[in-house]
Amino acid sequence: MLRRGGRMDQMDQKAFSLDEEDGVRSAYRAYGAELFGFAARSLGDHGLAEEAVQETFLRAWRAADRFDPSIAPLRTWLYSIMRNVCIDLSRARAARPSVADGDPVVAPGADAFDQALISWQVEEGLRRLGEDHRRVIIETYFRARPYAEVASELGIPEGTVKSRVYYALRALRLALEEMGWEA
Amino acid sequence: MGSVTTEACRRWRETLGAYLLGHLSPEERVGLEAHVDGCRDCRAELEELRPVAVSLADADPGHLGKAPAPPPDLADRVFARVRDRRRLERRRRFAFRAGAGIAAAVIALSVVVALRPEPPHAQKERFSFTALPVGTKAIATLYTYEEDPRVEVWIEYEGLTPGVIYAVWVERASGDRVRCGTFDALDGRHHTVLTSSVSRSDAAAVGLTSADGRQVLRAPVTAPERT
C-alpha cells in the first residue's frame with residue numbers, strides 16, 4: 001500500500017497501489033497521454049517517446065514503495081521519473097554512431113529538460129483553457145496584436161477582449177494549480 | 001481571490017490582465033496603479049496573477065496546438081512490460097529458491113542480461129532471422145504458456161548498432177505487424193523479452209525494426225525449426 005497519510009484531496013492522491021497492475025492502469029489512464037505529450041515534445045521523436053512512457057511506468061512500478069503522496073502527488077512523481085528516463089534515452093541516442101545523412105544528435109542536459117518541463121506545464125495549462133480564453137492570450141500576447149484589431153476580428157468590443165485577457169489569466173492560474181504548479 | 005467590493009473594483013480588475021501583459025495605455029496604467037494602491041483586494045488579485053503572466057514567457061507559441069496523442073496500443077504495451085518484468089522477477093526468485101545457482105540480473109531499459117531459468121509449462125520454439133547483416137547474430141525464441149495464448153518473444157542478439165532503439169513486432173498471416181514493444185540495443189549484445197498481443201496460432205513472423213526504419217530483421221515462425 002502506498003497510502004501513508006497526508007492530504008488526499010486530489011484525485012491522484014487517492015491511494016494508488018502502483019505495485020499492483022490496476023494501480024499502473026489507473027496511473028496510465030490519468031497521466032499516460034500527457035506524459036507521452038511531454039516526451040514527444042522534449043525528445044522530438046514519437047518512437048522514443050513511446051519508449052520513454054513504457055520505461056517511466058515500469059520504473060514507477062518498480063519504485064512503488066518509494067512513492068509517498070504526502071510528499072508529492074502522483075503526477076509530479078511520474079514527471080520526475082520521466083525526466084530521468086528522457087535524459088537517459090537522449091544520451092543513449094546521442095551516443096550511437098551518427099549516420100551519414102542524419103542530423104547530428106546532441107544530448108540535451110538536465111537543465112534543458114527542466115526548462116522543457118516548465119514550458120510544457122504552461123503550454124498544457126493554456127491547452128486546458130476554453131477556446132475564447134486561449135485565443136485572446138495567443139493573439140494579444142504571443143502574436144502581440146493590437147486589442148482593437150483582435151476585437152474587430154472576433155466581432156466583440158475592445159473592452160471585452162481586455163476583460164477576457166483577465167479572465168483567461170485567472171483560468172490559467174487555476175489550470176496550473178490543478179497540475180501542481182506553485183507560484 | 002478577494003471579493004469585488006465595488007463596481008469600480010470590477011472595472012479595474014478586468015484590466016489587470018492587460019496591465020500585467022504590458023498592454024495598457026499610459027493613462028490606463030496610471031489610473032489602475034492609483035486604484036490598486038488604495039485597494040487591498042485588488043492589490044492581492046494583482047499579485048495572484050502576476051506569476052501567471054510571467055509564466056507565459058516559458059511557453060513556446062509553436063507548441064500550443066493539440067498535443068500529440070499516444071498510439072492506442074501504448075497502454076497495453078506499458079502493462080505488458082510491467083507484466084513481463086513481474087513474471088521475470090518471479091522466475092528469478094523461483095530460481096534462487098530452487099538453489100539452481102542461476103544468477104539473473106535485471107538492468108535498466110528492460111534489457112535482461114542473464115541466464116534464463118526455464119519457465120514452467122512453456123512451449124519453446126527457436127527461429128533464425130533471414131538475411132542478417134554481416135557481423136550480426138540474432139535468434140528469436142517464442143514461448144507459449146498454457147494459461148495465456150499470447151506469445152512471449154525473446155530476442156537474443158549480437159552486433160546490433162549500440163544505442164539504437166528497436167521495435168519488436170509479430171507479423172500475422174495477413175501481413176499486419178503488431179508491435180509488442182521496444183528495446184535499446186545498448187552495447188549491441190543482449191537479450192530482451194516482450195509479450196505480444198498476438199496468439200501463437202496467428203503469428204507468421206517476428207522481427208525488429210530500428211527506430212529510423214532503416215534496419216528490418218525478420219524471422220518467419222510458421223514452421224518450428226527445433227523445440
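Relative contact order for the stretch B:1-74: what percent, with Cα pairs under 8 Å and sequence separation of 6 or more?
38 percent
Points 7 angstrom from Cα along the Cβ direction at residue B:33 and residue A:68: gap in nanometres?
Label-label distance for residue B:33 and residue A:68, simple model: 4.7 nm.
If you rank A:22, A:132 by fewest surrounding Cβ atoms within 10 Å, what's the result?
A:22, A:132
What's the average, rounded to a whole number, of partner chain beta-carbon atoms within 10 Å of each residue's beta-carbon in A:120-130?
Partner-chain Cβ atoms within 10 Å, mean over residues of A:120-130: 4.
Once the Cβ-Cβ distance between residue B:8 and residue A:182 is put in as r, and R0 is 35 Å, what FRET efficiency do you end up with, to the nearest 0.05?
0.65
Based on the mean of other beta carbon atoms within 10 Å per residue, what is the order of A:136-143, B:25-32, most packed first?
So the peptides A:136-143, B:25-32, ranked by packing, come out A:136-143, B:25-32.
Summarise the partner chain shielding of A:49-61 as one whole number: the mean count of Cβ atoms from other chains within 10 Å of each residue's Cβ.
6
Separation between the residue B:134 and residue A:158 pseudo-spin-labels, each 7 Å from Cα along Cα→Cβ, expressed in nm?
Roughly 7.5 nm, to one decimal.
With a 10 Å Cβ neighbour count serving as the proxy for reagent exposure, in which order, fewest first, do A:167, B:19 appear?
A:167, B:19
If I model a spin label as a point 7 Å beyond the Cα along the Cα-Cβ vector, how far apart are those points for residue B:123 and residue A:84 in nm?
It is 4.1 nm.
Can you list the aspartates and glutamates whose alpha carbon is less than 19 Å from that of residue B:124, not counting same-chain residues fewer than 8 positions off?
Once the sequence-local aspartates and glutamates are set aside, what remains near residue B:124 is B:84, B:146, B:147, B:148, B:152, B:156, B:171, B:202, B:225.
Any idea how far the Cα center of the stretch A:20-83 sits from the one of the stretch B:46-71, in Å?
One Cα centre to the other: 21 Å.
The numbers here are math on the coordinates, done by the rules we state, and not lab data. Just so you know, these numbers come straight off a predicted model, no measurement behind them. Here Cβ is always computed from backbone atoms with ideal geometry, including for glycine, and neighbour counts include all displayed protein chains.
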